[in-house]
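Remarks on the structure that follows.
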Amino acid sequence: MDLQNDFDRMLFFQHACMTSEAAHAVNPSDVDNLTRWAGALLELSQFQGAQESKIMVREAISKLEKVLEINPKKHDALWCLGNAHTTNAFLTPDSEEANGYFDIAVECFKKAVAEEPGNDLYRKSLEMSAKAPGLHVEIHSRGFGQQLTGTAEGPSTSSSTKAAKNKKNSDFNYDMFGWVILAVGIWAWLGFAKSNVPPPPHQ
């Protein structure tokens, strides 16, 4: 991983969230702003621990559901909501509960494709969603799911071993979320760029 690049991306999406929050205070019914805000939250969730990730993902879902209450045909919000439910599923160790989230994600992707059939990204997301439950089972059956959900508990170890485990967990989380969230990040970044959002301040 390029740590500097990751840090820059994290700063960018933190700034994007703050910008969206300010815009939301002015116009709470701006569906484009709410959708971008949700996308930025999903992107930021990959940099957090398991519990913080879940909170951010659920916050993103809440914002996207508000968007769809206002405009049920907003295809980018439908697609983003599908990604949010997919991420939520991978953070859920129970297969039955996770499959419920995967089912919701599939419906969101189907609706997004129906609204914009020519969008390759939406179609690809729908195709990949069919593989997600199998991947979830494989991940959690091999014990990797504990790294995603933060439920791994083992015997007391030295601080250096714990640090190495934490780094491995962090790397695994990043890789796991990457396939779900990368496209969301690109889409959200482009959305903010089009909105002429100034770059985050350098520290």
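The values are calculated or read from the model by the stated rules, or taken from the named source; none is laboratory data. Small disclaimer: the values here were computed from a predicted structure and weren't measured. Neighbour counts are summed over all protein chains in view; Cβ atoms, including those assigned to glycine, are modelled from backbone coordinates with ideal geometry.
Hey, could you check the stretch 45-104 for residues that are of a type in the set (Asp, Glu) and within 25 Å of ASP6 (Cα to Cα) and say which is surrounded by the fewest Cβ atoms within 10 Å (Cβ to Cβ)? Spell out how you get there, then give the answer.
Step one: list which residues in the stretch 45-104 are of a type in the set (Asp, Glu), which gives 52, 59, 65, 69, 76, 94, 96-97, 103.
Filter once more, keeping what is within 25 Å of ASP6 (Cα to Cα): 52, 59, 76.
Values: GLU52: 13, GLU59: 17, ASP76: 23.
Per the stated criteria, the residue is GLU52.
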Discussion item. Based on this model, can you work out whether LEU42 counts as over 28 Å from ALA130 (Cβ atoms) and either assigned to a helix (DSSP H, G or I) or out of contact with any helix residue (DSSP H, G or I) (no Cβ under 7 Å at 6 or more places or on another chain) (or both)?
Written reply: no
Practice prompt. Just give me the residues in the stretch 105-115 being touching a helix residue (DSSP H, G or I) at 6+ places or on another chain (Cβ under 6 Å) and surrounded by fewer than 16 Cβ atoms within 10 Å (Cβ to Cβ), in sequence order.
Written response: none
Practice prompt. Could you identify the single residue in GLU138, GLU107, GLU127 that is assigned to a helix (DSSP H, G or I), within 19 Å of ASN71 (Cβ to Cβ) and either of a type in the set (Asp, Glu) or touching a strand residue (DSSP E or B) at 6+ places or on another chain (Cβ under 7 Å) (or both)?
Written response: GLU107
Response to the item:
Out of (1) surrounded by 15 or more Cβ atoms within 10 Å (Cβ to Cβ); (2) part of a helix (DSSP H, G or I), the one ALA25 does not meet is (1)
Practice prompt. Could you please give the count of residues in the stretch 64-92 that are over 16 Å from ARG123 (Cα atoms), without any contact (Cβ under 8 Å) to a residue 60 or more places away in the chain and within 13 Å of the chain's Cα centre (by Cα)?
Written response: 6
Worksheet item: Can LYS66 be described as part of a helix (DSSP H, G or I), under 29 Å from GLY118 (Cβ atoms) and either among the aliphatic types (A, V, I, L, M) or modelled with pLDDT of 95 or more (or both)?
Response: yes
